[in-house]
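The block underneath contains the structure these notes are about, expressed in structure tokens.
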Amino acid sequence: MSPDGDYCQQNDASGYKETMIERQPDWQEISARKSRDRQVLLDQYREWHLPQRIPISRKDVSTIPTSQLSPREFEIVHQDATSLVQHLRNRRYTAVEVTRAFCHVATVAQELTNCLTEVMFTEALERAAELDEHLKATGQVVGPLHGLPVSIKDHVLVKGHDTSTGYIAWAYNTVATKDAVVVDVLRKAGAVLYVKTANPQTLLSLETNNNIYGRTLNPFNRTLTPGGSSGGESALIALHGSPMGLGTDIGGSIRIPAAYMGLYGLKGSVGRMPHAGLMGSHDGMDAIIGALGPIATSARDLSLFCRVMLEYSPWLVEPPLFEMPWKQNVVDGEGIPKKLSIAILWDDGVVAPHPPILDALKHTKDALVAAGHEVLPWIPVDHQEVWDLIVKLYFLDGGEEYRETMKGEPWVPQTEWIMSQVPNEGKPFTVEEIFKLNLAREAFRSNIASHWNATQLRTTTGRQVDAILSPVASTLAPPHDTTCWWGYSSYWNLLDFPAVVFPTGRFSSQNYTPSDVSEEFIPHAGARNKVEEIVRKQWSPETYDNACIGLQLIGRRLNEEKLLGMLRVVEDAVRTFGAENVC
């Protein structure tokens, strides 16, 4: 089956080219070759390498990459994308020096976290030089992202580069012959593409590990995961190796990495952002669809990305997209109530969050109340049942395509876990059964719409709640190979609600005392199920030392602008009335 996806630009149908290999090498040979090829490209810029290897026993490596920079490079990489495009436009920086700075940090980030797949430094620097020359000659920028380096998740098609997507079988066999729609827009907007970043085997994982390149590490604590499936992006951006990156999310794959790395990430509703030109299993399956979105270091960069994407009318080349131009005035506050009503999900009824997450919810709630906003509890509805349903939608073919694609390589541990969730005894669902599953999905969406609408009976404003504040996961970034509950993230994929992640702090195990949340939430004395029992046993302050803490704000479907506008209000309240401890 072609892994090209639903790419619908009017040129050749495939979007990649197959390279014939006379003898089928085993997976270790392919892995070694891909790693060598990557290293050869990195070694062309030896001046950017660390002078000596950092021992793997060192957990926190988050400050090492930028410690290698000149003062000017340090200044560049510590700015968000919005500032950088302004400075590039007014020629404070050249595109070449900005690109070199981020390539430099990306090189070190790779040594420390194993976050890169495809290295494109030479062509990036050539493109940056062209952009500088264009600005010098014409006085005009090419587009709104003129000279901005942007990192790309591995499974997004970039013309001329491999799109192995974490599968040994696809390595060297999926060189893109055209760009994904999102990449095409980025090029037109003047962005500089310089690296592709790691994603896990199958993509269907909230950690990042595959047999081609191995495991990606969390730079704040390398015994922990950076999340997945956009974990290469999150590790790179957290180290200031990218000002903005592309992620995708079908169960939490933008939000989990953003939360684990102290970043911002937006999963919009399906149909808002370009999605065509992505490699992945189950192309053509539309029972549950992923969303493409940005990961960045500021909330305003999320808006910048969305605004630029929709300036170029991607619905003209990707018909499934909604023709909905970006409404920046809403992000800036137009129509946002002065007094928000926000519901908090303290516990999904299946797995209670670990104490630092409850702390973050409590501190955010207190800040909102102090700022004059209304906060009330969100009553959870059927999170276990939704997980049981969405797993069926993920595996309509009983997992057959995954098994077939991976038959020449072993399954990594998180693949083993997700494949253990395959329903229906591993058999494909019949057409009739698929129809019934689709009906169940729509019935649940209708049920939650009614549940949300009914909140107007509990608010003092007489309106329905404006947004839901929720954990992103039940734990902070967990130890590698231990993720076992997606219920706080995949739930919102089934509903197709937009969700934005924002950082709230960094956890320190030293003298840790959890907040008193007894007025809000009283945990059950014993574990309610086997998954909660596992998650409870994982909790130890020392395990999660230095991990980032993030929360998510959830809005109504197709209300991305309002969601980002409300996030500004929430963050203003936290800055004014809350303790600052942001990653």
In the range 336-433, the trypsin sites (Lys or Arg not before Pro) that sit in a DSSP loop and have at most 12 other Cβ atoms within 10 Å of their own Cβ are Lys338, Lys407
Please give me, ordered by residue number, the trypsin sites (Lys or Arg not before Pro) of the range 409-515 that lie in loop per DSSP and have at most 16 other Cβ atoms within 10 Å. Arg458, Arg463
So if I take the alpha carbon set of the range 469-583, get Rg, then get Rh from the Kirkwood formula, what is the Rg over Rh ratio? 0.97
Please identify every one of the trypsin sites (Lys or Arg not before Pro) in the range 19-77 that sits in a loop by DSSP and has no more than 10 other beta carbons within 10 Å of its own beta carbon. Arg23, Arg53, Arg58
Rotationally averaged projected area of the range 339-581 (alpha carbon convex hull; nm²): 14.7
Measuring from the lowest to the highest alpha carbon on each principal axis, how far does the chain reach, largest first, in angstroms? 60, 55, 51
How large is the convex hull of the Cα atoms of the range 200-320 per residue, expressed in Å³ as a whole number? 101
Return the sequence-ordered ³J(HN,Hα) values of the range 154-165 in whole Hz as given by the Karplus equation 6.51 cos²θ - 1.76 cosθ + 1.60 applied to θ = phi - 60°, using x for Gly and Pro. 4, 7, 8, 5, 10, 3, x, 10, 5, 9, 5, 6
Can you list, largest first and rounded to whole Å, the semi-axes you get for the range 151-210 by taking the square root of 5 times each eigenvalue of its Cα gyration tensor? 21, 13, 8
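Quick note: the coordinates plus some simple rules give every number you see, no bench work behind them. Treat the numbers as computed from the prediction; the structure is a model and nothing was measured. Methodologically, a virtual Cβ is constructed for each residue, glycine included, from the backbone with ideal geometry; neighbour enumeration extends over all protein chains shown.
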